[in-house]
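Right, one structure below, let's go through it.
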Amino acid sequence: MRVLVVEDDRRVASFVQRGLEQEGFAVDVLYDGHDAGAHAATVDYDCVVLDLMLPGRSGLQVLRDIRARKSTLPVLVLTAKNAPEERVVGLDGGADDYMGKPFSLAELTARIRALMRRGKTVETRLKVGDLELDVIRRKVTRAGKPVELKPKEFALLEYLMRNSDRPVTKSLIIEHVWDIHFDSISNVVEVHINSLRNKIDRGADLALIRTVRGVGYMVTDQPA
């Protein structure tokens with residue numbers, strides 16, 4: 001899952017980014033409102049966390065830009081402007097949710113997940129063969145046995161399972177699972193794929209994580 005954070009306070013932005021990444025999200029950050037609306041609409045984000053008091057263009061202007069280009073993209077406003085009348089303006093302006101500062105990171109993460117569940121295309125339980133992934137409870141099982149995964153391993157497996165039976169390229173994996181600048185680390189995908197194979201496929205009759213030569217990787221329960 002990929003989230004865009006638009007926040008001019010770099011300490012707050014860094015805090016949110018680190019917290020969401022620890023929960024397995026890929027996070028991009030913008031520090032002003034100049035091109036935030038266009039950026040949010042052209043990149044495949046699952047949610048936007050948006051401050052209202054931004055340099056360049058205000059958060060409400062950015063929100064209008066997003067709604068004009070991508071009406072169904074979930075947007076959570078996170079702002080110090082927390083009076084009831086300001087909440088009304090934000091929600092009427094197109095926000096899906098509204099949180100005031102100071103805030104709880106755990107609550108912010110829960111609200112982001114709730115917004116994603118609200119989307120008509122987001123499944124919260126994924127299954128490929130005897131491999132099951134519960135997005136909400138953050139649990140994975142293979143043939144009924146629990147599989148312990150680190151946050152990035154979980155995020156990688158979730159992305160592959162959401163695209164089951166379809167090969168996805170290394171560049172797409174990096175874009176959706178890691179920050180876009182991670183492509184400088186050439187073997188990060190291979191390392192995590194190998195770790196997933198050791199935890200999920202080792203000892204199983206059928207390997208579900210496949211390498212598609214010249215393309216990328218795929219999760220499938222179809223015979224090789």
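The values are calculated or read from the model by the stated rules, or taken from the named source; none is laboratory data. Worth saying up front: this structure is predicted, and the values here are computed from it rather than measured. All Cβ positions, glycine included, derive from the backbone under ideal geometry; neighbour counts span all protein chains shown.
A compact table of results
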| item | result |
| --- | --- |
| Of residues in segment 37-62 being over 19 Å from the mean Cα position of the chain (by Cα) and of a type in the set (A, V, I, L, M, F, W, C), the one surrounded by the fewest Cβ atoms within 10 Å (Cβ to Cβ) | Met53 |
| Options Ala106, Ala80: the member that is touching a Pro at 6+ places or on another chain (Cβ under 9 Å), surrounded by fewer than 17 Cβ atoms within 10 Å (Cβ to Cβ) and of a type in the set (A, V, I, L, M) | Ala80 |
| Residue ranges of helices (runs of 4 or more DSSP H) in segment 80-185 with at least 1 members assigned by TED's automatic domain parsing to the domain that holds Thr42 and at pLDDT below 90 | 84-92, 105-118 |
| Extreme residue, surrounded by the most Cβ atoms within 10 Å (Cβ to Cβ), among residues of segment 1-36 that are under 23 Å from Ala114 (Cβ atoms) and of a type in the set (Asp, Glu) | Glu7 |
| Total residues in segment 70-116, condition under 21 Å from the mean Cα position of the chain (by Cα) and touching a residue at least 60 places away in the same chain (Cβ under 8 Å) | 7 |
| First in segment 25-42 and touching a residue at least 60 places away in the same chain (Cβ under 8 Å), second anywhere and surrounded by fewer than 19 Cβ atoms within 10 Å (Cβ to Cβ) and of a type in the set (Val, Ile, Thr), Cβ under 7 Å, 6 or more apart | Asp28/Ile180 |
| Residue in segment 51-59 that is in contact with a Cys (Cβ under 7 Å, 6 or more places away or on another chain), outside any loop (DSSP other than H, G, I, E, B) and touching a residue at least 12 places away in the same chain (Cβ under 8 Å) present | no |
| Residue match in segment 27-35 (condition: on the phi > 0 side of the Ramachandran plot, part of a loop (DSSP other than H, G, I, E, B), touching a Gly at 6+ places or on another chain (Cβ under 8 Å) and not assigned by TED's automatic domain parsing to the domain that holds Ile136) | no |
| Leading residue by the ranking (surrounded by the fewest Cβ atoms within 10 Å (Cβ to Cβ)) among those in segment 83-103 that are more than 30 Å from Arg125 (Cβ to Cβ) and hydrophobic (A, V, I, L, M, F, W, C) | Ala83 |
